[in-house]
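The values are calculated or read from the model by the stated rules, or taken from the named source; none is laboratory data. Remember, it's a predicted structure, so these values are computed and weren't measured experimentally. We place every Cβ from the backbone using ideal geometry, glycine too, and count neighbours over all the protein chains shown. The protein model used for the area step is the full one, side chains on, heavy atoms only, and it has no ligands, DNA or RNA in it. Shrake-Rupley method; radii C 1.70, N 1.55, O 1.52, S 1.80 Å.
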Amino acid sequence: MCGRYVSTRSLFAAAPPAPGLVLPPSWNVAPTDPVWAVLERADRESGLLERQLRPLRWGLVPSWSKSPDGGARMINARVETVGEKPAYRRAFAKRRCLLPADGFYEWESVPATAGAKAYKQPYFISPQDGSVMAMAGLYEFWRDPSVPDPDDPAAWWSTCTVITTEATDAAGRVHPRMPLA
């Protein structure tokens with residue numbers, strides 16, 4: 001999966017986000033953009049699991065990372081190795097999520113000809129019935145050491161990655177990988 005998708009809807013019977021927390025629809029979600037994620041977290045008071053809708057930053061920053069710099073490169077995790085790679089292993093075991101999407105973009109390289117330069121042709125891939133996709137993802141919390149107060153909301157980054165798999169349908173003619181839906 002290349003690094004762009006469309007997110008205009010958020011569903012999946014999740015508790016609504018905190019009042020005033022709004023992410024506008026995006027027809028061009030890019031790495032490091034905030035995205036909606038559906039995840040299950042324990043309620044702080046009751047301890048019961050609750051399905052929540054939360055904004056996360058696309059590009060996973062592992063909790064042990066010294067800086068967030070690598071997050072923009074960690075937008076996708078291969079399903080074949082996600083349980084083994086140190087950057088994803090802990091999140092794969094404990095912090096899975098769904099990333100609602102209308103579809104995703106892939107680009108096919110078109111070679112140069114005598115009359116035209118080489119270019120990449122974009123394709124938008126979405127469910128045939130127009131329904132929302134649920135892309136499999138992982139999320140992680142990263143503590144920003146530059147913010148001294150750990151209770152300051154700016155001290156914590158919530159980041160995510162999309163799990164990808166081998167493209168086995170028509171999407172495979174454009175790109176060999178696709179989101180695990």
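Quick one: TRP142 ticks every box in (1) at pLDDT 95 or above; (2) loosely packed, with under 10 Cβ neighbours inside 10 Å bar one, so which box is it?
For TRP142, the exception is condition (2).
Which ranges mark the strands (runs of 3 or more DSSP E) fully within the range 5-117 that have 2 or more residues being of a type in the set (D, E, K, R) and farther than 14 Å from ALA136 by Cα? So that I can check it myself, show each step before the final result.
Details: elements: 5-7, 26-29, 34-42, 49-58, 76-78, 96-101, 103-110.
Strands (runs of 3 or more DSSP E) meeting the threshold: 49-58, 103-110.
Open to solvent by less than 30 Å² (accessible area, probe 1.4 Å) and more than 30 Å from GLY172 (Cβ to Cβ) - does that describe any residue in the range 100-117?
No, there is no match, as no residue in the range 100-117 is open to solvent by less than 30 Å² (accessible area, probe 1.4 Å) and more than 30 Å from GLY172 (Cβ to Cβ).
Taking the range 37-53 as the search range and keeping residues that are open to solvent by less than 30 Å² (accessible area, probe 1.4 Å) and among the hydrophobic types (A, V, I, L, M, F, W, C), which one is nearest to TYR105 (Cα to Cα)? Spell out the reasoning first.
From the range 37-53, those open to solvent by less than 30 Å² (accessible area, probe 1.4 Å) are 37-39, 52-53; that's our starting set.
If we keep only those that are among the hydrophobic types (A, V, I, L, M, F, W, C) too, we end up with 37-39, 53.
Details: ALA37: 19, VAL38: 21, LEU39: 24, LEU53: 24 Å.
The extreme case among them is ALA37.
For the range 15-29, does any single residue satisfy the condition of being open to solvent by 30 Å² or more (accessible area, probe 1.4 Å), closer than 15 Å to MET135 by Cα and in contact (Cβ under 8 Å) with a residue 12 or more places away in the chain?
no
Restrict the check to the range 61-78 and report whether at least one residue is on the phi < 0 side of the Ramachandran plot, touching a Lys or Arg at 6+ places or on another chain (Cβ under 9 Å) and without any contact (Cβ under 8 Å) to a residue 12 or more places away in the chain.
Looking for residues that are on the phi < 0 side of the Ramachandran plot, touching a Lys or Arg at 6+ places or on another chain (Cβ under 9 Å) and without any contact (Cβ under 8 Å) to a residue 12 or more places away in the chain, one finds at least one in the range 61-78, hence yes.
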